[in-house]
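Below is one structure, written out as structure tokens, with a few remarks after it.
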Amino acid sequence: MSDSPVVASDGVTLRPMTLSDLGVGHALTTELRWPHRNTDWELAFRHGEGLVAERDGAIVGTGMRFRWGPRHATIGFVIVSPACQGRRIGHRLMTALLDGLEDHTVLLHATADGRGLYERLGFVRAGEIRQHQGVALPSPPIALEPGWRLRPASQSDLMTLAALDAQARGMPRDALIEELFAQSEATVVLDHEGAACGFAMLRRTGRGHSVGPVAAPDEVGAKALIGYLSGLNAGRFTRIDIDFDTGLAEWLESIGLLRVDAPTTMVRGAPLAVDTPRLYALAAQALG
């Protein structure tokens, strides 16, 4: 990804995103009715590298990439203003974002409109996400087998949380997990005989709160973690983005979190090497 502006024949210029561009980026997401807040953009900017597309001095598109360790990355916030769509600006942004990531496994979550572009750039379908949201309902606690328990996370758990996340996501994201933990209103750990085997976070995002990331060894553990946090947030807007293959969709609807979207998980490069615990819910679609 070049640091020098790139000007196309139609007058569209690509240049690195700066802190002063975040307000315009937020306005673009608002125009598309995406629920990002300024603080969501600021979080992303702290952990990623961005590009903006300008035409006649106005920002008409954005894109960001996030490097996780030496061989992994995610891409998100790829936006083109509706007034400028159809001019291959998204293709130019993506090509520039992928520059230098040839040896990386790159993950993104595609809308139906964007999937064709990503396929042409070498991405293949790797799964599907189910975005669930709504006013969370109180739910009964999930019964755990003897030896298993939920407990609040503490600062001393931070390295363990980062290790669990890396195993589940297949990418090392220590700095991100540290910041999400600092921002979270509640982080809960799933213990077995005193050993941490999973965790989940509840934090302020978008229109209300989101649950994620969620890493757990099995479906029962994931339900226990999610149910506890959604219960804490009962009566308030709650969002969670799950891997469809987890089988949690019907249960989430029973606690008031209805499906509203189904983006496609796409990967370019080597498949992600994931381990136990499994990632049941994303930190965010852009971040994985």
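The values are calculated or read from the model by the stated rules, or taken from the named source; none is laboratory data. Values in this document were obtained by computation on a predicted structure and should not be read as measured data. Glycine also receives a Cβ, built like all others from the backbone with ideal geometry; neighbour counts cover every protein chain displayed.
Tabulated data for the structure shown
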| quantity | calculated |
| --- | --- |
| Condition met for residue 138 (at negative phi, exposed (fewer than 15 other Cβ atoms within 10 Å of the Cβ), part of a loop (DSSP other than H, G, I, E, B) and within 20 Å of the chain's Cα centre (by Cα)) | no |
| Matching option when the condition is at pLDDT below 95 and either over 17 Å from the mean Cα position of the chain (by Cα) or in a strand (DSSP E or B) (or both), among 270, 222, 234 | 270 |
| Breaking point among (1) more than 15 Å from residue 136 (Cα to Cα); (2) in contact with a helix residue (DSSP H, G or I) (Cβ under 8 Å, 6 or more places away or on another chain), for residue 220 | (2) |
| Which numbered condition residue 175 fails, given (1) buried (at least 17 other Cβ atoms within 10 Å of the Cβ); (2) out of contact with any strand residue (DSSP E or B) (no Cβ under 8 Å at 6 or more places or on another chain) | (1) |
| Qualifying residue in the stretch 106-116 (condition: at pLDDT below 95, touching a helix residue (DSSP H, G or I) at 6+ places or on another chain (Cβ under 8 Å) and on the phi < 0 side of the Ramachandran plot) | yes |
| Selection status of residue 63, outside any helix (DSSP H, G or I), small (Gly, Ala, Ser), closer than 24 Å to residue 260 by Cα and without any contact (Cβ under 8 Å) to a residue 60 or more places away in the chain | yes |
| Selection status of residue 218, of a type in the set (D, E, K, R) and within 27 Å of residue 46 (Cα to Cα) | no |
| Residue list for the stretch 99-115, restricted to those being within 14 Å of residue 68 (Cα to Cα) and outside any loop (DSSP other than H, G, I, E, B) | 105, 106, 107, 108 |
| Filter result (among the hydroxyl-bearing types (Ser, Thr, Tyr) and under 13 Å from residue 288 (Cβ atoms)) within the stretch 103-132 | 105 |
| Looking only at the stretch 237-288, and only at residues there that are of a type in the set (Asp, Glu) and in contact (Cβ under 8 Å) with a residue 60 or more places away in the chain, the one that is surrounded by the most Cβ atoms within 10 Å (Cβ to Cβ) | 241 |
